[in-house]
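The values are calculated or read from the model by the stated rules, or taken from the named source; none is laboratory data. Since the model is a prediction, treat every value here as computed from it, not as a measurement. With ideal geometry, Cβ positions are generated from the backbone for all residues, glycine too; neighbour counts draw on all protein chains shown.
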Amino acid sequence: MKDKLKSKKVMPFFKNLPNKTKKFIKHLPQNAKKFVINLPKNSKRFVQNNVLFSFFVFSMVLNDILLRTFTVKNFTAISPVLADLAFVLIIASFAYLFKPKNRFKYLMTWMVILTAVCLINSMYYANYVSFTSFSLLATSLQIFGVGDALENVVEIKDFCYIWAPIVFMYINRRLKKSTYFTTYFTKEKRKIKFLKILSVGAVVLIIFLTTVTGTDISRLYKQWNREYVVMKFGAYIYQANDLVASLKPQISPLFGYDAAAKEFRDYYKEYPSEDDTNKYTDVFKGKNVIVIHAESIQNFLLDTKINGVDITPNLKRLANEGLYFSNFYAQESVGTSSDSEFTFNTSLLPASSGTVFVSYWDREFVTTPKLLKEQNYYTFSMHANKPNFWNREVMHEKLGYDKFYSYTNDYDIKDEDVLGLGLNDKSFFSQSADKIKKIDEKYDNWYGVLIMLTNHTPFTALEGQETLDLTYKYTKTNEQGQKEEVVNDYLKDTILGRYFETAHYADAAIGEFVNKLDSEGLLDDTVLVIYGDHDAKIKRSEYDYYYNYDPETDDILDEDDPEYEEFTKYDYELNRKVPFIIWTKDKEINKEITDVMGMYDVLPTLGTMLGIHSEYALGHDMMSADEDDHFVVFPNGNWLTNKMYYDNQNGEGVLLNENEVISADYIEKYTLRAEAEVSVSNNIIVHDLIKKTRESKEIKGEDK
């Protein structure tokens, strides 16, 4: 048997397997080893006798390979193929418990489900560079941008997976017309065949498990590093595991609490949330605060001009006149805007599965509005969309807002003022300023958040109302030797071009809002805070086109061209930063902070200035932070410091300064810290640890 294992006929089947797996097969019992080694030569006969089953297994494994080819690019890896094969074999084996006439229905049902898994994840990954979750099904329209955004998230390649059910139905029809079912199923022993195939699936699963490590299993369990999970376990096991993970709001609090609570206590013992003191301490204490949640505004817009015109002149002015954090990153996950709201208010990371606003709305958190209410502030939020969008009507109350002004309940809606998903930003800001004036007359101190909307994907709200000239004009000599002006509207039909237009409109709306507040005297004792909630989710290919298109030749530069500007995946990740500006009318505070900063650093930074503090903040006050605290962890486990960006999923990174020297210890230190922050934050959310810790302290008679 040992000689057979080394034979030329068998080796191609084993040559790509890890040595650990080969060793496992080598030590299998004799019968099992014989079965595995003879598997290739027995396959042909099996396929002839089990056409539907075989096609189901082949097509579903192939579909996941296609998905990984289009997304994480590891189509040559053997581990996810083994995982897919084990999963598909196990679920398909149950088909043999059905009579032949019902077997097709069973397999077809699973084929539709698994094809949908591939199709939906293909669309989702192309737009959000992540894989979707069952916990998002209730808000799937919100994730994909709603309505007319659908045409912008679907690509032709996304439909390559539906070949399987189409061909499957065709094969079944042909078999029905032949003698296949009467030939091969007359003496079939269904239970025996079921057990045999189930056993094969189990053997493949065991072989697969020899290729994974404890770290792989940990990441599967935690589910936050989704790309890594799909790369190692395949899309089907990822999605099955995600189904279990999506039930965590109901089942997780019942399991693992003690371990989560210990991790929680140990983390804050090692990384306590300091109540910092610096020259900015209490500088805004007692002042009113207006926060503008700037939808999809990215930082690069502040430095971008089209035909000599600034895209965001108002934001650029406010940044130059105030405190401007120019390397500020949102840390949102699948919950996009709602995740940013959560992290902005709590200094915690988004949930590893689902969204806090939808799945964990009933938890208790320490938030900026709640802390300010303890200082007798009136707190409110305003948004020109329906109140149930992202469950804001419920969640804003839980965050501590006294009132949520929404599209449905509180604004005067005229047809001409509706753009995209709701009331346009200019009308929204104008009406909101009137409401703020009434609030100012009634309350001594107030804190309000205004959530913008017009610059929401797919950036089509302004069609027919564009105010930014995106055309490129140049002079050329025609065939007659005469000079003529040529206009090339090369950005017109691009997502990036539409984004420039809606961002320019949003910036103008902010400018009008600031002017109206000033004219009403509402900026005299007020701090204005502006943050981009997340990047625009525009594909890398759009930037490649923008940087490498020559409008005079109507050509895109080739990668071999010396003028070609490569926009790498790391350029893309680092370009996702968003603006964070703290501005006051008196302009006493004027500075650019270039240290890297995350959304979870806002509460500690702004809190020191306002005289509030959260003992559960994961972030740090950027005005007091030392070098170790200039650190941003993203929900997928990737991290960023002033020295490097590290892709924790692929185990590779890029230095921000080519002359910097980074040690392996440096990477390990921040990788462990990143994983600790993701884990402890998720434990706080899932197990409601803040509430339970406070209850425990009350029982023990300790101070809160």
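Return the pair list, or none, for Cβ contacts closer than 7 Å from residues in the range 524-548 that are free of Cβ contacts under 8 Å to residues at least 24 places away in the same chain and assigned by TED's automatic domain parsing to the domain that holds residue 492 to residues that are surrounded by fewer than 18 Cβ atoms within 10 Å (Cβ to Cβ) and not in a loop (DSSP other than H, G, I, E, B), at least 6 apart or on different chains.
Going by the 7 Å Cβ cut-off, the qualifying pairs are 548/556.
Can we say residue 592 is under 30 Å from residue 521 (Cα atoms) and touching a Ser or Thr at 6+ places or on another chain (Cβ under 7 Å)?
Considered against the rule, which asks whether it is under 30 Å from residue 521 (Cα atoms) and touching a Ser or Thr at 6+ places or on another chain (Cβ under 7 Å), residue 592 comes out as yes.
Would you be able to tell me the number of residues in the range 54-85 that are surrounded by 24 or more Cβ atoms within 10 Å (Cβ to Cβ) and hydrophobic (A, V, I, L, M, F, W, C)?
5
Is at least one residue of the range 607-621 in the same structural domain as residue 343 (by TED's automatic domain parsing), farther than 25 Å from residue 219 by Cβ and loosely packed, with under 15 Cβ neighbours inside 10 Å?
Yes, that holds for at least one residue.
Within the range 246-340, which helices (runs of 4 or more DSSP H) (wholly inside it) include 1 or more residues that are polar (S, T, N, Q) and more than 30 Å from residue 547 (Cα to Cα)?
Of the helices (runs of 4 or more DSSP H) lying wholly inside the range 246-340, those with at least 1 residues that are polar (S, T, N, Q) and more than 30 Å from residue 547 (Cα to Cα) span 248-251.
Please determine, by comparing only the residues of the range 395-424 that are assigned to a helix (DSSP H, G or I), modelled with pLDDT of 95 or more and touching a Ser or Thr at 6+ places or on another chain (Cβ under 6 Å), which one is farthest from residue 296 (Cα to Cα).
Looking at the filtered set, the residue picked out is 399.
Please go through the range 323-345 and pick out each residue that is of a type in the set (Val, Ile, Thr) and in contact with a helix residue (DSSP H, G or I) (Cβ under 7 Å, 6 or more places away or on another chain).
334, 343
What residue, among those in the range 626-654 that are out of contact with any helix residue (DSSP H, G or I) (no Cβ under 8 Å at 6 or more places or on another chain) and closer than 15 Å to residue 273 by Cα, is surrounded by the most Cβ atoms within 10 Å (Cβ to Cβ)?
630
Name the pairs: first residue in the range 435-461 and on the phi > 0 side of the Ramachandran plot, second residue assigned to a helix (DSSP H, G or I), Cβ to Cβ under 8 Å, at least 6 apart or on different chains?
Final answer for the pair search is 459/495; 459/498; 459/499; 459/501; 459/502.
Go through 400, 420 for me and flag whichever is touching a helix residue (DSSP H, G or I) at 6+ places or on another chain (Cβ under 6 Å) and either of a type outside the set (A, V, I, L, M, F, W, C) or crowded, with 24+ Cβ neighbours inside 10 Å (or both).
Values: 420 fails: touching a helix residue (DSSP H, G or I) at 6+ places or on another chain (Cβ under 6 Å).
Result of the check over 400, 420: 400.
Is it the case, given these coordinates, that residue 333 is under 30 Å from residue 630 (Cα atoms), touching a residue at least 12 places away in the same chain (Cβ under 8 Å) and out of contact with any His (no Cβ under 9 Å at 6 or more places or on another chain)? Lay out the reasoning, then the answer.
Details: under 30 Å from residue 630 (Cα atoms): yes; touching a residue at least 12 places away in the same chain (Cβ under 8 Å): yes; out of contact with any His (no Cβ under 9 Å at 6 or more places or on another chain): yes.
For residue 333, the condition - under 30 Å from residue 630 (Cα atoms), touching a residue at least 12 places away in the same chain (Cβ under 8 Å) and out of contact with any His (no Cβ under 9 Å at 6 or more places or on another chain) - is met.
Go through the range 370-394 and give me each residue that's assigned to a loop (DSSP other than H, G, I, E, B) and over 26 Å from residue 354 (Cβ atoms).
Within the range 370-394, 374, 375, 376, 377 meet the criteria.
So if I check each of 278, 314, 320, which one is surrounded by 15 or more Cβ atoms within 10 Å (Cβ to Cβ) and either under 23 Å from residue 625 (Cα atoms) or in contact with a helix residue (DSSP H, G or I) (Cβ under 9 Å, 6 or more places away or on another chain) (or both)?
It is 314.
Looking at (1) in a helix (DSSP H, G or I); (2) buried (at least 22 other Cβ atoms within 10 Å of the Cβ); (3) on the phi > 0 side of the Ramachandran plot; (4) not aliphatic (A, V, I, L, M), find the lone condition where residue 354 falls short.
Only one criterion in (1) in a helix (DSSP H, G or I); (2) buried (at least 22 other Cβ atoms within 10 Å of the Cβ); (3) on the phi > 0 side of the Ramachandran plot; (4) not aliphatic (A, V, I, L, M) is unmet by residue 354, namely (1).
So residue 486 fits all but one of (1) of a type outside the set (D, E, K, R); (2) within 30 Å of residue 441 (Cα to Cα); (3) modelled with pLDDT under 85; what number is the exception?
The failed condition is (2).
Please determine whether any residue of the range 667-676 is under 27 Å from residue 615 (Cα atoms), in a loop (DSSP other than H, G, I, E, B) and at pLDDT below 95.
No, the range 667-676 has no match at all.
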